[in-house]
Amino acid sequence: MKKLIFLYIIIAMFGLAGCSDFLSESDPSNFTEENYFTKPAHAHSSVNAIYASMREPMNSGFGGGAWMMTEFATGLAATDLGQAVNSYFVRDLNNTSDNGYGLTYWQSYYQGIANANLSIVKVPGITMDDQEKQKLLGEAYFLRAWYYFNLVRMFGNIPLVTSPVSLQSDNLRPSPADVQDVYDLIVSDLEKSENSGLPWFDPSGRVSLGAVKSLLAKVYLTMAGYPLQKGNEYYNLAAQKAQEVINSGEFQLFDDYDDLHDPSMKNIEENIFMIQFKTQILPSNWQVAIIPYNKNISQYSAETGGIYATQAFVESFEPGDLRAKEDEFFFTEFTHQDDRSLEVDLGGYFIYKHFDIVAQTSSANSDLNWPLIRYADVLLIYAEASNEVNGPNEVAYGAVNAVRSRAELPELSNLSKEEFREAVWKERWYELCYENKTWFDMVRLRKALNVETGEFEEYVGHTFSYGPTLKERELLFPIPTAEILNNSNLIQNNGY
């Protein structure tokens with residue numbers, strides 16, 4: 001197991017080499033646990049390796065991509081990619097524990113946790129500048145929290161592993177932990193990261209204090225809702241952390257939605273934390289998934305039609321919403337690859353907010369990052385959380401109206417607490433769509449948006465616009481079969 005962990009680190013570091021300044025690595029060959037963690041360069045390389053596992057679910061192709069799992073689970077996504085059976089299993093609510101998407105998330109994120117555990121245990125013993133060491137540990141704690149936060153929301157009662165594992169470890173086949181215990185570790189890790197001396201923002205893409213406080217706000221918001229239902233105390237904590245990010249003055253909304261998919265705007269302003277990619281070295285690899293199936297509009301040889309928006313969802317946007325207009329969040333036509341003066345009807349609402357224009361029209365090698373935390377999300381977290389505690393106030397209105405103003409929508413005003421709550425939920429559905437956010441909101445709220453009526457319904461019993469109805473089992477994804485076969489202590493989630 002130790003050798004496997006080191007192998008993962010070596011692979012991660014070779015994969016990261018040259019991606020950007022903070023991801024560049026020297027040759028780490030021929031090291032072992034006994035001789036590797038001995039100098040500052042080893043501390044940096046071990047922490048850099050933790051980031052790599054975030055990219056694995058983004059891999060996309062004719063088999064689909066694991067990142068699509070939480071999008072199809074919302075009932076708001078369609079696909080034309082017939083061979084991507086994992087997409088259809090989730091979309092049609094026929095999912096099973098053999099779904100490769102869930103296995104990708106489980107294995108890659110636990111690999112990230114294993115690398116984080118190794119850094120957290122070994123870096124303190126390295127002789128180096130103490131401030132530098134504390135910042136590196138702050139990154140490691142944040143990343144471990146980020147992986148666990150996603151795993152616990154997707155799979156529920158999961159193993160909680162906080163130290164390196166060997167073949168001799170008692171924790172080689174860990175039992176599932178209580179969900180509360182997982183959240184306790186997440187909060188503890190983020191508090192340690194918050195106090196590690198990280199800068200408010202980092203244009204290189206490393207973990208920043210802004211990312212830490214934003215994630216803490218999101219964690220507290222989730223803990224206030226289901227499954228823990230901690231209520232107002234945690235809504236208040238979420239509002240406080242989101243307000244700290246707002247009051248920092250370090251972040252702002254982009255003026256133009258085009259900036260969301262402009263590679264030159266990554267890691268700055270609205271983009272608080274992202275998965276890092278680099279053209280020609282580690283290019284963004286979901287571009288083939290968001291273009292229509294074989295319409296000949298792209299320089300990519302693979303046009304998969306892997307995922308796009310349902311017509312019912314796009315048509316449910318408020319009249320006049322800029323986000324629903326052509327070439328904002330979606331596009332329905334594009335120029336032909338052989339003659340850019342010819343327009344091609346795409347036959348659906350494809351996702352323009354992640355569309356790298358240069359890569360699609362010329363290079364077929366994208367430099368675009370994937371957004372994990374945007375400032376718009378923080379504003380909406382503040383609006384929702386503060387309303388739950390104090391009802392709508394001037395600052396809460398200001399937060400949600402900043403998002404609406406960019407969408408060219410009228411400002412909200414004179415709403416009751418209940419009306420304001422649902423108005424903010426809707427802004428989350430529309431602003432954060434297809435960014436792996438909506439399903440998590442549905443589960444923590446136990447609510448789903450009926451795109452035909454515009455009303456929120458109970459999650460269990462909600463019927464998608466194309467037919468399937470959510471059952472209680474869809475509050476979690478199934479624990480992968482391969483993991484249960486390897487660890488008999490795991491317990492499959494109900495209904496799978």
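I'd like the full set of residues that are touching a helix residue (DSSP H, G or I) at 6+ places or on another chain (Cβ under 9 Å) and either in contact (Cβ under 8 Å) with a residue 24 or more places away in the chain or not hydroxyl-bearing (S, T, Y) (or both), limited to the stretch 402-418.
Correct list: A402, V403, R404, R406, A407, E408, L409, P410, E411, L412, L415, K417.
Residue-by-condition table, conditions (1) among the basic types (K, R); (2) under 19 Å from S405 (Cβ atoms); (3) touching a His at 6+ places or on another chain (Cβ under 7 Å); (4) part of a loop (DSSP other than H, G, I, E, B):
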| residue | (1), (2), (3), (4) |
| --- | --- |
| P227 | no, no, no, yes |
| E233 | no, no, no, no |
| L237 | no, no, no, no |
| I246 | no, yes, no, no |
| F251 | no, yes, no, yes |
| F254 | no, yes, no, yes |
| D259 | no, yes, no, no |
| N267 | no, no, no, yes |
| I272 | no, no, no, no |
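Those residues that are acidic (D, E) and touching a residue at least 40 places away in the same chain (Cβ under 8 Å), I need them from the stretch 230-259; list them, please.
Passing the criteria: E250, D255.
Output the number of the condition that Y183 fails; it satisfies all remaining conditions of (1) touching a Leu at 6+ places or on another chain (Cβ under 7 Å); (2) under 17 Å from A385 (Cβ atoms); (3) free of Cβ contacts under 8 Å to residues at least 12 places away in the same chain.
(3)
V85 is checked against (1) at pLDDT below 95; (2) surrounded by fewer than 19 Cβ atoms within 10 Å (Cβ to Cβ); (3) on the phi < 0 side of the Ramachandran plot and fails just one. What number does that condition carry?
Only one criterion in (1) at pLDDT below 95; (2) surrounded by fewer than 19 Cβ atoms within 10 Å (Cβ to Cβ); (3) on the phi < 0 side of the Ramachandran plot is unmet by V85, namely (1).
I'd like to verify a number: residues in the stretch 458-496 that are exposed (fewer than 12 other Cβ atoms within 10 Å of the Cβ), in contact with a Ser or Thr (Cβ under 8 Å, 6 or more places away or on another chain) and within 22 Å of P227 (Cα to Cα), how many?
The qualifying residues number 1.
If only one of Y220, Y234, Y226 is over 21 Å from the mean Cα position of the chain (by Cα), of a type in the set (S, T, Y) and either assigned by TED's automatic domain parsing to the domain that holds R446 or surrounded by 22 or more Cβ atoms within 10 Å (Cβ to Cβ) (or both), which one is it?
The unique qualifying residue is Y234.
Is it the case that the stretch 367-387 has a residue that's in contact with a Lys or Arg (Cβ under 7 Å, 6 or more places away or on another chain), more than 30 Å from L143 (Cα to Cα) and crowded, with 18+ Cβ neighbours inside 10 Å?
no
Hey, could you check the stretch 338-361 for residues that are hydroxyl-bearing (S, T, Y) and surrounded by 12 or more Cβ atoms within 10 Å (Cβ to Cβ) and say which is nearest to the chain's Cα centre (by Cα)?
Only one residue tops the list, namely Y352.
Do any helices (runs of 4 or more DSSP H) entirely within the stretch 387-496 hold 3 or more residues that are closer than 27 Å to E315 by Cα, in the same structural domain as V245 (by TED's automatic domain parsing) and among the charged types (D, E, K, R), and if so, which?
Ranges flagged: 417-431.
Okay, residues lined up against (1) at positive phi; (2) assigned by TED's automatic domain parsing to the domain that holds E244:
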site	(1), (2)
I272	no, yes
Y293	no, no
N296	yes, no
G305	yes, no
F313	no, no
E326	no, no
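For the stretch 371-384, indicate whether the set of residues that are part of a loop (DSSP other than H, G, I, E, B) and touching a helix residue (DSSP H, G or I) at 6+ places or on another chain (Cβ under 8 Å) is non-empty.
no
Kindly indicate whether any position in the stretch 243-266 is buried (at least 21 other Cβ atoms within 10 Å of the Cβ), farther than 30 Å from N285 by Cα and small (G, A, S).
Looking through the stretch 243-266, none of the residues is buried (at least 21 other Cβ atoms within 10 Å of the Cβ), farther than 30 Å from N285 by Cα and small (G, A, S).
Being in a helix (DSSP H, G or I) and among the β-branched types (V, I, T), is that true of even one residue in the stretch 286-298?
Yes, the stretch 286-298 has at least one match.
The values are calculated or read from the model by the stated rules, or taken from the named source; none is laboratory data. Keep in mind it's a predicted model, so treat the numbers as computed, not measured. Heads up, the Cβs are rebuilt from the backbone with ideal geometry, glycines too, and the neighbour counts pull from every protein chain shown.
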